[in-house]
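The values are calculated or read from the model by the stated rules, or taken from the named source; none is laboratory data. These figures come from a predicted structure and were not determined experimentally. Here the Cβ positions follow ideal geometry from the backbone for every residue, glycine too, while neighbour counts run over all protein chains shown.
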Amino acid sequence: MIRTDDSPKVAWARFQARRKRHDACLEFEVVRDLVFAEISPRSNGRKRPGRKTVNKLSKGCYFCPERDVAVLDTHRIESGGVYQEWNELVLCATCHRRVTAGRIVVDRKLSSTKGIMLRFFVDGEERIAPA
């Protein structure tokens, strides 16, 4: 929308601001599309991941150094629960199988003075680490 009451300087500043927002949106869409293609090549008609999902997957697996987006899953801590920050954990396929098999037992996320912590058990030994 062009305002006729603006000076040319103000109109140019508005145009530049709109252009920056537009460029930022395009850049995010390109990254999202690339990540989505890596996540699921058979995604016919499925919803594309949003900005939070892309950021979450970029951190990698919680238990090991795996960062390949193609093998990362989002595990729900509370079985059958919703996909929300307090109830999800990014894991690679191998660690996700360990959790499903019971070799790693993820209890819950705790709120503490050090931030959000994850309580889990590996081979029966309790561990609490930053989430």
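Looking at segment 69-108, which of its residues are touching a helix residue (DSSP H, G or I) at 6+ places or on another chain (Cβ under 9 Å), over 20 Å from SER58 (Cα atoms) and part of a strand (DSSP E or B)?
Scanning segment 69-108 gives ILE104, VAL105, VAL106, ARG108.
Out of all the residues in segment 92-108, is one or more modelled with pLDDT of 80 or more and in contact with a Gly (Cβ under 6 Å, 6 or more places away or on another chain)? If you could, list the steps in order and put the result at the bottom.
Within segment 92-108, the first condition is being modelled with pLDDT of 80 or more, and the residues that meet it are 92-108.
Pick out the ones that are also in contact with a Gly (Cβ under 6 Å, 6 or more places away or on another chain) and you get none.
No: zero hits.
Filter segment 109-131 for residues that are exposed (fewer than 13 other Cβ atoms within 10 Å of the Cβ) and among the charged types (D, E, K, R); which is farthest from ILE77 (Cα to Cα)?
Per the stated criteria, the residue is LYS114.
Does GLY102 qualify as being of a type in the set (Gly, Ala, Ser), more than 17 Å from the chain's Cα centre (by Cα) and either on the phi > 0 side of the Ramachandran plot or surrounded by 13 or more Cβ atoms within 10 Å (Cβ to Cβ) (or both)?
On the way: of a type in the set (Gly, Ala, Ser): yes; more than 17 Å from the chain's Cα centre (by Cα): yes; either on the phi > 0 side of the Ramachandran plot or surrounded by 13 or more Cβ atoms within 10 Å (Cβ to Cβ) (or both): yes.
For GLY102, the condition - of a type in the set (Gly, Ala, Ser), more than 17 Å from the chain's Cα centre (by Cα) and either on the phi > 0 side of the Ramachandran plot or surrounded by 13 or more Cβ atoms within 10 Å (Cβ to Cβ) (or both) - is met.
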